Amino acid sequence: MTLSQLEYIVAVDTYRHFATAADNCHVTQPTLSMQIQKLEDELGVRVFDRSKQPVVPTGVGEAVLAQAREVLRAARRIPEIVSESKNDFQGDLKIGVIPTLAPYLLPYFIGEFVTKYPAVSVQIQELVTEQIVERLRKGLLDVGLVVTPLDENGITEIPLFREPFVVYAADTHPLSTREEIHTDDLPTDGLWLLTGGHCLRNQVISVCGTDRPTNATNALQYETGSLETLIKLIDRQDGFTLLPFLATLDMDETRRARIRPFASPAPVREVSLIIHRSFLKRRLIDALRTEILQHLPAALPVDTHDGTVVTLV
């Protein structure tokens, strides 16, 4: 049994296709297939069910693959220990960020991080939370920037800050006449939501209640993964939505006038880094955390720990 063979079976599990796995391992498909066959012969079991397309692991194969990932992580940790002893920051850092954080938080810190660590190649993917967790498990990401708590087995959460919610209401909406909003004041209709799969949708429903329509009017059925689209719909149509505070910082005066804060204690969301329990690149991730905290916008309320943390429903 070799580390290369373990890398090959993990690649096939990741991509569920032998040719794609071979390309990503930089070997020919016959070489990859032969080495996997040798490993299966040595173990006396089949790791993959090749009769199905895409290829899937067998029952025992799933257990073998889980252990193979742990072995590979441990092996990759060895050169990392040496690099850390030299205070050497280099290599790749793959970051997954949810769409309701990426455009509003990344610009504050990512430029400084890249400048401070020029030998680090930063790769950022905008993904929903479920995809980030899955890719962390498979080793396709090093760290995620998401909203917690998740309580995912094998995933460690590193809280960064709590971000309050605000109400964004059309000029014609009754909420626009209020100075501040209590959660009990939120109406039963007129709520615009992101499409399913976005954690912010679930958090907004948690604040507003579960018995809600998915858009502002019965005549218009629309699904979007973009907060900016929701804002524009409210600007030109009617209704309201809940926005995370960072999404409001670059608004012009006209849009700022449509924002209404919540009365204390305001609902907040907890923003965290998440990593696999046997994560690599520890010093790089620590450096990333430090850079984020040092470059949070000054307008972000920092004393929000008395707020009500909104969890997923």
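The values are calculated or read from the model by the stated rules, or taken from the named source; none is laboratory data. All values reported here derive from a predicted model rather than from experimental measurement. So basically every Cβ, Gly included, is an ideal-geometry build from the backbone, and we count neighbours across all protein chains shown. Quick note on the areas: whole protein, heavy atoms, side chains included, nothing else; ligands and nucleic acids left out. Shrake-Rupley method; radii C 1.70, N 1.55, O 1.52, S 1.80 Å.
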- Arg178 versus Glu62, label points 7 Å from Cα toward the beta carbon: distance in nm? 4.6
- The extension gain from Ile259 to Lys38, computed as 0.36 nm times the residue separation minus the Cα-Cα distance, is 73.2 nm
- Message: Explain nothing, just the number: dipole magnitude of region 57-205 about its Cα centre with +1 on each Lys and Arg Cβ and -1 on each Asp and Glu Cβ, in debye rounded to the nearest 20.
- Response: 760
- Query: Setting aside same-chain residues fewer than 8 positions from Lys116, which lysines have a Cα under 29 Å from its Cα?
  - Reply: Lys86, Lys94, Lys138, Lys281
- Note on the structure: Phi angles of region 24-34, converted by Karplus (6.51 cos²θ - 1.76 cosθ + 1.60, θ = phi - 60°) into ³J(HN,Hα) in whole Hz with x for Gly and Pro, give 6, 8, 6, 9, 6, 4, x, 5, 4, 5, 5
- Query: What are the extents of the Cα atoms of region 1-59 along their three principal axes, listed from largest to smallest and rounded to whole Å?
  - Reply: 27, 26, 16
- Task: Determine the percent antiparallel among the DSSP beta bridges restricted to the chain, to the nearest 5.
- Result: 65
- Item | Estimated FRET transfer efficiency when R0 is 22 angstrom, pair Arg76-Ala119 (beta carbons, to 0.05) | 0.80
- Who wins for biggest fluctuation among Tyr168, Tyr104, Tyr15 in a Gaussian network model of the chain, springs between alpha carbons below 10 Å? Tyr15
- Task: May I ask for the percentage of alpha-carbon pairs in region 84-185 that lie more than 19 Å from each other?
- Result: 59
- Query: With N residues in the chain, what two-decimal value do you get for its Cα radius of gyration over 2.2 N^0.38 Å?
  - Reply: 1.19
- So what is the calculated 222 nm ellipticity per residue for the chain, using -39500 (n - 2.57) for each DSSP H run with n of 4 or more, over all residues, to the nearest 500 deg cm²/dmol? -12500 deg cm²/dmol
- Query: Which whole-number percent is the relative contact order of the chain (Cα, under 8 Å, 6+ apart)?
  - Reply: 22
- Item | Residue of Leu43, Leu249, Leu193 that the Gaussian network model of the chain assigns the largest fluctuation, springs spanning Cα pairs under 10 Å | Leu43
- Over all alpha-carbon pairs in region 154-205, figure out the percentage whose distance exceeds 17 Å. 52
- Query: Per residue, what accessible area does the chain have, given a 1.4 Å probe and all protein chains present, in Å²?
  - Reply: 50
- Accessible carbon and sulfur surface of the chain relative to its total accessible area, %, 1.4 Å: 49
- Query: Once you wrap a convex hull around the alpha carbon atoms of region 1-143, what is its projected area averaged over all directions, in nm²?
  - Reply: 10.2
- Task: Compute the relative contact order of region 22-166 as a whole-number percentage, counting only Cα pairs closer than 8 Å that sit 6 or more residues apart in sequence.
- Result: 18
- Query: Can you give the extra length, in nm with one decimal, that the chain gains between Asp171 and Ser51 once fully stretched, where that is 0.36 nm per residue apart less the Cα-Cα distance?
  - Reply: 37.2 nm
